[in-house]
1. Considering only residues that are assigned to a loop (DSSP other than H, G, I, E, B) and not charged (D, E, K, R), look in segment 157-171 and name the one that is modelled with the lowest pLDDT.
2. Residues of segment 335-347 being farther than 19 Å from Leu236 by Cβ and touching a strand residue (DSSP E or B) at 6+ places or on another chain (Cβ under 9 Å), which ones?
3. Say we look at segment 4-45 and pick out the residues that are of a type in the set (S, T, N, Q) and outside any helix (DSSP H, G or I); which of these is least open to solvent (accessible area, probe 1.4 Å)?
4. Which condition does Arg118 not pass, out of (1) more than 30 Å from His74 (Cα to Cα); (2) within 13 Å of the chain's Cα centre (by Cα), if it passes all the others?
5. Kindly indicate whether Glu140 is assigned to a helix (DSSP H, G or I), at pLDDT 95 or above, under 29 Å from Phe106 (Cα atoms) and out of contact with any strand residue (DSSP E or B) (no Cβ under 9 Å at 6 or more places or on another chain).
6. Can you tell me which condition Lys93 does not meet? The list is (1) among the charged types (D, E, K, R); (2) open to solvent by 10 Å² or more (accessible area, probe 1.4 Å); (3) part of a helix (DSSP H, G or I), and all the others hold.
7. Given the conditions (1) under 30 Å from Leu354 (Cβ atoms); (2) open to solvent by 70 Å² or more (accessible area, probe 1.4 Å); (3) hydroxyl-bearing (Ser, Thr, Tyr), and given that Ser61 satisfies all but one, which numbered condition is not satisfied?
8. If I filter segment 192-213 for residues that are at pLDDT below 95, under 20 Å from the mean Cα position of the chain (by Cα) and open to solvent by 20 Å² or more (accessible area, probe 1.4 Å), do I get at least one hit?
Amino acid sequence: MPEKWHGLTDTETRYRQRYLDLMANPDSLKVFQDRIAIFDSFRRVLTARKFVEVETPVLQSIYGGAAARPFTTHHNTLDCELFLRISPELYLKRLLVGGMQRVYEFSRNFRNEGIDTRHNPEFTLLELYQAYADYEIMMEITEQLIATAAREVSGSDKLTYGERQVDFTTPWPRRTYDSLMAEHAGMSMKDIPAVRAKARQLGIEESNKDDAVVVNEVFEAVVEPALARPDASGVLRAVFVMDYPAELCPLTRRKADDPSIALRFECFIAGMEIANAYSELNDPAVQEANFAEQVRGEAEGETMRVMDEDFVTALRHGMPPAGGLGIGMDRVIMLLTNRTSIRDVILFPLLRPL
């Protein structure tokens with residue numbers, strides 16, 4: 001057993017033999033006790049808002065609802081290829097069609113992609129949908145969930161993350177994607193020649209990419225780092241980035257007076273994307289056309305190989321207008337427990353085999 005007075009300090013051993021880490025390090029044990037408390041806090045808030053918790057399939061015959069590479073497996077009895085889910089989205093929306101108007105799931109999702117301090121191939125996502133809501137209401141829910149949990153864990157709206165203080169006092173600032181592009185990149189997202197010139201200046205290969213992809217790569221390179229900087233008082237704030245280019249958002253309702261804008265936001269805190277939300281698309285004809293475009297783009301690395309015909313059929317039966325929200329729970333735990341690696345907040349993170 002590790003000597004408890006000095007604790008277990010070897011990082012590799014802490015991750016591979018978590019039982020020793022918990023045994024020897026009270027701070028590590030508290031992180032996971034706080035993780036449980038944060039999930040409980042989220043559930044209480046959602047129950048008070050009349051949401052119900054549901055379960056949807058982890059094994060899916062058609063994967064969708066996100067842009068990610070899936071893990072593939074095979075069912076012997078049915079002799080069919082199956083995928084570990086990358087998102088529960090399309091199943092939760094089917095429940096809206098069926099009349100369950102406020103649903104959520106803490107879903108384990110699996111994405112066959114890279115590993116770093118903010119990404120683990122297996123992670124926990126809170127995803128919820130509310131009928132007759134929009135992305136404005138999803139902003140209110142996001143603020144309430146995270147700010148309430150922050151107060152319950154620390155007793156304050158202000159927490160330390162790394163070397164900075166993060167202020168979760170609501171309401172949080174709301175900025176449009178285009179205004180941030182103008183402020184930090186020096187051009188509108190609709191000025192494509194200027195955006196492509198900026199991409200070349202940044203060393204981003206843009207000649208063989210769609211306009212919206214280039215816009216977003218410039219945004220990620222220039223704007224997202226700026227969102228991680230403290231304000232004039234030296235404090236970090238959560239920021240809602242609203243109104244994304246519509247081409248990036250195939251499942252999102254368009255702005256009524258400008259169809260090039262999607263009614264979507266992402267929430268950034270301390271430089272991390274914490275939440276993603278939409279005013280949901282519920283027009284079956286538009287959804288089918290967007291899916292068809294995704295299928296055509298699969299050769300270029302997008303994710304949908306086969307159109308989910310049943311989901312389109314579900315929309316034809318009538319999905320109410322709705323708001324949808326996804327929150328990366330592991331990153332929320334990182335923020336609220338002052339941990340800068342996702343491996344510190346997952347009990348058994350995926351590691352390279354010995």
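1. Gly162
2. Selection gives Ile346 alone.
3. Here the answer is Asn25.
4. Failed condition: (1).
5. Spelling it out, Glu140 is indeed assigned to a helix (DSSP H, G or I), at pLDDT 95 or above, under 29 Å from Phe106 (Cα atoms) and out of contact with any strand residue (DSSP E or B) (no Cβ under 9 Å at 6 or more places or on another chain).
6. It fails just one condition, (2).
7. (1) is the only condition that Ser61 fails.
8. Checking segment 192-213: at least one residue is at pLDDT below 95, under 20 Å from the mean Cα position of the chain (by Cα) and open to solvent by 20 Å² or more (accessible area, probe 1.4 Å).
The values are calculated or read from the model by the stated rules, or taken from the named source; none is laboratory data. Since we're looking at a predicted model, the values are computed, not measured. So basically every Cβ, Gly included, is an ideal-geometry build from the backbone, and we count neighbours across all protein chains shown. Accessible surface is based on the protein model in full, side chains and every heavy atom, while ligands, DNA and RNA are left aside. Shrake-Rupley method; radii C 1.70, N 1.55, O 1.52, S 1.80 Å.
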